[in-house]
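Let me begin by presenting the structure, written as structure tokens, before commenting on it.
The values are calculated or read from the model by the stated rules, or taken from the named source; none is laboratory data. Computed from a predicted model, the values in this text were never measured in an experiment. Cβ: placed from backbone, ideal geometry, glycine included. Neighbour counts: every protein chain shown.
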Amino acid sequence: MQKVRGNDKMAADHNEKMINKSLMEVQKRDGRMQKYSRKKITEALFQAVEQLDLDYAIEDLKLIAYEVETQIMNKKWKILDTKAIDLLVLEILASSHYRDLAEGYIQRREEKEKERETRRDVNAMIKSLLDKEKSIVNENANKDSKVFNTQRDLTAGIVGKALGLKMLPAHVANAHEKGEIHYHDLDYTPYAPMSNCCLIDFKHMFEEGFQIGNAEVDSPKSIQTAAAQTAQIIANVASSQYGGCSFDRIDEVLAPYASLNYQKHLNTAETWIEREDRKQSFAEEKTKKDIYDAMQSLEYEINTLYTSQGQTPFTSLGFGLGSDWIEREIQKAILEVRINGLGKERRTAIFPKLIFTLKRGLNLQPEDPNYDLKQLALKCSTKRMYPDVLSYDKLVDITGSFKTPMGCRSFLQGWTDDKGEDVAAGRMNLGVVTLNIPRIAIESRGSQERFEALLEERLAVVKDALLFKARRVMEAEPANAPILYMHGAFGKRLSKTDKVSDLFLNKRATVSLGYIGLYEAAAQFFGSDWEKDTIAKSFTLSVMKKLKKHADIWGDESGIHVSVYSTPSESLTDRFCKLDTEKFGQIKDITDKGYYTNSFHYDVRKNPTPFEKIDFEKEYAKYTGGGFIHYCEYPKLQTNPKALEAVWDYAYERVGYLGTNTPIDHCYACSYDGDFKPTESGFKCPNCGNTDPETCDVVKRTCGYLGNPQKRPMVQGRHREIASRVKHLKGTD
């Protein structure tokens, strides 16, 4: 075969322009319409060459693609689809005596079809589970795949995924399998019309009572009972949805029930204590003890719960705004219980996630009345990594009102009911679909114009996926999840015949457009050290603005608030990168790391100070109000809480939600405190080499929550990401 000469190339380029005018789109096998590109034919031929390790020059393949294109023009098809193109390619290969290449082309096509069928075959997926394939058994760092109830859930999840892929629109399922998007939580949805995460309306449930199973539960008469009911509600809610759940303003909501304790103790004092000055002191001290015991009981209850998903409920407690003495005591008890640790060895509790609110005039500055509680929160964070902190004023600016995130980082937007009152508790998220932004950048081959076109194309698929996800949840019946729909967790109580959509529409619920790999996408265009390049940063911000613009439009069209969500991607950082490495090979600073950087985060390998990191990231969150968190990396901080306070104060006007990453690992064999060394197989004590999970307490961040990677192995991408983090803090002594 002759090489393509200059004139032939010019003719081919002109020919492609003509085709683009007359046949703008090709219908894919999954029904999608995609812009015609001769390069895709060349790529398919190249894959066929690789299939059988044949000896063809790339110019040979380009010429064959040109011949295919010429035939397409001559045939003047009204509808151009991939099947017709495949048949035409095979016809040309056969007539040109390239039978070996035709064989490779057929094998490539059959293999792709077989892979697609295998991914949806229940038996093949169960075999992967039985073979303990890491991508399945280690998908969730807080699920112990060795225990029976988790194994049962993983098996059910495999069936759910296989059936869910068949239920999805064909183009959505195809995009998910190829790694262009990620349809989150396929093991639960769309097979079941389950919702994602929520802010439970504990206040309403406590005041009005509720039902779990056959038991009707009355309003609690003490802080201890309220805490016990909290654990029961969390367990039931977590088993009725697949995402995290939060108790917003727990200090304020539980305070009335601690007041009942106080009144009871005051009545006792009236009977048994004669001196008036000692009666109140007695009642206060007894109430403080009750509060501490109740909060300690709640911590143990949550950490010993197992939901139907085979895991501890992903739970967050939001607090810090209460100002009277009982609300202060509840805050103090939550923090002191966490500082004291679990069990005889005083291990760090993994759940619940603690989220402390900073507010100017309440606890931010030394002259504020609750400043002492901020100091206790700092002590807790240096020792146990929690609490993370919310900056009250900045959060209101970003999301429209104040509220704790739902679970890890998912935020509701400000919303008012028919009475004009702001409502947060009782609202929910219906699910997330995440966009693989590095894939788009790689496929753009340096052309930002091509990037924009591909982004629009992929966003159209994401829209279909999100709206399908939302519509599927609306097919639930109240009786499917009574605790959510009928007994108050979602606020308004429905009857069995009501439509659950009444709780979702008018933007009461959210559904989220996620994204991953903003760093890698910019690195593809501007190089790996782009963070200080204003043009590069403008590019990344323009991507965020485009995502938010589309989300706002979709929300107005659907009646559900579509938010942009800085993705919860514990295993997705690994999955997208692995798929792109298979497709595009090792690309320096993009796929060669083994993971993608989540959301808008600064490249963890660059060793920024917390202040540099905050300043870099602060501009992104306003476009991602549906979910975000900023992290800062520190050395060991237990003897230097003032360093952490300096960062919290600096962050207050700049970011709405800040997490602390500091070494808190402990070796019971040699008493070492600090940062255990990450290895490919786990973590080990740098002092004595101990790797025994029973004598090590290793706690790391895994997608917003804490996790114990010694007992719950993480995906390899997360091991590598943690290994690449450099703890560094400057100028804060």
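Just to be sure, is residue 554 over 20 Å from the mean Cα position of the chain (by Cα) and within 29 Å of residue 615 (Cβ to Cβ)?
no
Taking only the range 501-521 into account, find how many residues are free of Cβ contacts under 8 Å to residues at least 40 places away in the same chain and buried (at least 17 other Cβ atoms within 10 Å of the Cβ).
1
Right, residue 248: under 28 Å from residue 356 (Cβ atoms), surrounded by 16 or more Cβ atoms within 10 Å (Cβ to Cβ), in contact with a helix residue (DSSP H, G or I) (Cβ under 6 Å, 6 or more places away or on another chain) and touching a residue at least 40 places away in the same chain (Cβ under 8 Å) or not?
When the stated conditions are applied, residue 248 does not pass them.
Hey, among the residues in the range 601-619 that are touching a Leu at 6+ places or on another chain (Cβ under 7 Å) and not charged (D, E, K, R), which one's nearest to residue 399 (Cα to Cα)?
610
Return the total of residues in the range 630-658 being modelled with pLDDT under 95 and in a loop (DSSP other than H, G, I, E, B).
Within the range 630-658, residues that are modelled with pLDDT under 95 and in a loop (DSSP other than H, G, I, E, B) number 7.
On the basis of being surrounded by fewer than 20 Cβ atoms within 10 Å (Cβ to Cβ) and either of a type in the set (Ser, Thr, Tyr) or in a helix (DSSP H, G or I) (or both), does residue 498 make the cut?
It is false that residue 498 is surrounded by fewer than 20 Cβ atoms within 10 Å (Cβ to Cβ) and either of a type in the set (Ser, Thr, Tyr) or in a helix (DSSP H, G or I) (or both).
In the list 378, 412, 395, 364, which residue meets the criterion of being of a type in the set (A, V, I, L, M) and in contact with a helix residue (DSSP H, G or I) (Cβ under 6 Å, 6 or more places away or on another chain)?
Just a single option satisfies the conditions, and that option is 378.
Hey, could you check the range 662-679 for residues that are polar (S, T, N, Q) and surrounded by fewer than 17 Cβ atoms within 10 Å (Cβ to Cβ) and say which is farthest from residue 648 (Cα to Cα)?
679
Being under 27 Å from residue 437 (Cβ atoms), of a type outside the set (Asp, Glu), touching a residue at least 40 places away in the same chain (Cβ under 8 Å) and touching a Gly at 6+ places or on another chain (Cβ under 9 Å) is true for just one of 581, 624, 597. Which residue is that?
That would be 597, the only listed residue that is under 27 Å from residue 437 (Cβ atoms), of a type outside the set (Asp, Glu), touching a residue at least 40 places away in the same chain (Cβ under 8 Å) and touching a Gly at 6+ places or on another chain (Cβ under 9 Å).
Looking at 392, 371, can you tell me which residue is of a type in the set (Ser, Thr, Tyr) and surrounded by fewer than 17 Cβ atoms within 10 Å (Cβ to Cβ)?
Just a single option satisfies the conditions, and that option is 371.
Condition check ((1) modelled with pLDDT under 95; (2) closer than 26 Å to residue 705 by Cβ; (3) of a type in the set (S, T, N, Q)) across all residues:
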| residue | (1), (2), (3) |
| --- | --- |
| 197 | no, yes, no |
| 227 | no, yes, no |
| 258 | no, no, no |
| 268 | no, no, yes |
| 288 | no, no, no |
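Provide a single number: the residues in the range 603-621 that are modelled with pLDDT of 95 or more and under 18 Å from residue 565 (Cα atoms).
Adding up the residues that qualify gives 4.
Find the helices (runs of 4 or more DSSP H) located wholly in the range 61-171 whose residues include 2 or more that are more than 27 Å from the chain's Cα centre (by Cα), at pLDDT 70 or above and among the hydroxyl-bearing types (Ser, Thr, Tyr), and list them.
Correct list: 82-95.
Has the range 331-342 got any residue that is closer than 28 Å to residue 650 by Cα and in contact with an Asp or Glu (Cβ under 6 Å, 6 or more places away or on another chain)?
Taking every residue of the range 331-342 in turn, at least one turns out to be closer than 28 Å to residue 650 by Cα and in contact with an Asp or Glu (Cβ under 6 Å, 6 or more places away or on another chain).
Within the range 552-578, track down each residue that is over 13 Å from residue 435 (Cα atoms), hydrophobic (A, V, I, L, M, F, W, C) and touching a residue at least 40 places away in the same chain (Cβ under 8 Å).
Within the range 552-578, 554, 560, 562 meet the criteria.
Which residue pairs have Cβ atoms under 7 Å apart, sit 6 or more places apart or on different chains, and have a first residue in the range 172-186 that is more than 15 Å from residue 574 (Cα to Cα) and of a type outside the set (A, V, I, L, M) and a second that is at pLDDT below 90 and outside any helix (DSSP H, G or I)?
Qualifying pairs under 7 Å: 174/30.
Being closer than 18 Å to residue 244 by Cα, assigned to a loop (DSSP other than H, G, I, E, B) and hydroxyl-bearing (Ser, Thr, Tyr) is the filter here; which residues of the range 388-430 pass it?
404
What is the residue count in the range 484-495 for residues that are surrounded by 24 or more Cβ atoms within 10 Å (Cβ to Cβ), within 25 Å of the chain's Cα centre (by Cα) and not hydroxyl-bearing (Ser, Thr, Tyr)?
Final tally of qualifying residues: 3.
Just for the range 683-730: of the residues that are of a type in the set (Gly, Ala, Ser), closer than 20 Å to residue 385 by Cα and not in a loop (DSSP other than H, G, I, E, B), which one is modelled with the highest pLDDT?
707
Within the range 412-436, take every residue that is within 30 Å of residue 590 (Cβ to Cβ) and aliphatic (A, V, I, L, M) and give me the one that is nearest to the chain's Cα centre (by Cα).
Across the range 412-436, the extreme among qualifying residues is 432.
So residue 520 ticks every box in (1) touching a helix residue (DSSP H, G or I) at 6+ places or on another chain (Cβ under 7 Å); (2) part of a helix (DSSP H, G or I); (3) under 15 Å from residue 621 (Cα atoms) but one. Which box is left unticked?
Condition (3) is where residue 520 drops out.
Would you confirm, using the coordinates I've provided, whether residue 551 is at pLDDT 95 or above and buried (at least 24 other Cβ atoms within 10 Å of the Cβ)?
Answer is yes for this residue.
Would you mind stating whether residue 455 is closer than 22 Å to residue 705 by Cα and modelled with pLDDT of 95 or more?
no
So if I check each of 433, 423, which one is surrounded by fewer than 24 Cβ atoms within 10 Å (Cβ to Cβ) and modelled with pLDDT of 95 or more?
So the residue among 433, 423 that is surrounded by fewer than 24 Cβ atoms within 10 Å (Cβ to Cβ) and modelled with pLDDT of 95 or more is 423.
Please specify each residue of the range 172-214 satisfying the condition of being assigned to a strand (DSSP E or B) and among the aromatic types (Phe, Trp, Tyr).
183, 210
Go through the residues of the range 275-287 one by one and say whether even a single one is part of a helix (DSSP H, G or I) and under 17 Å from residue 299 (Cβ atoms).
no
Please name all residue pairs, on different chains or six or more residues apart, with Cβ atoms under 6 Å, provided the first residue is in the range 307-326 and is aromatic (Phe, Trp, Tyr) and part of a strand (DSSP E or B) and the second residue is surrounded by 22 or more Cβ atoms within 10 Å (Cβ to Cβ) and modelled with pLDDT of 95 or more.
Close Cβ pairs satisfying both conditions: 319/250; 319/251; 319/331.
Can you tell me which condition residue 297 does not meet? The list is (1) in contact with a Gly (Cβ under 7 Å, 6 or more places away or on another chain); (2) surrounded by fewer than 23 Cβ atoms within 10 Å (Cβ to Cβ); (3) touching a residue at least 60 places away in the same chain (Cβ under 8 Å), and all the others hold.
(1)
Please work out which one of (1) touching a strand residue (DSSP E or B) at 6+ places or on another chain (Cβ under 7 Å); (2) of a type in the set (Asp, Glu); (3) modelled with pLDDT of 95 or more is the condition residue 570 fails and give its number.
For residue 570, the exception is condition (3).
Residue by residue through the range 607-626, note down the ones that are of a type in the set (D, E, K, R) and either part of a loop (DSSP other than H, G, I, E, B) or farther than 21 Å from residue 646 by Cβ (or both).
Correct list: 618, 619, 622.
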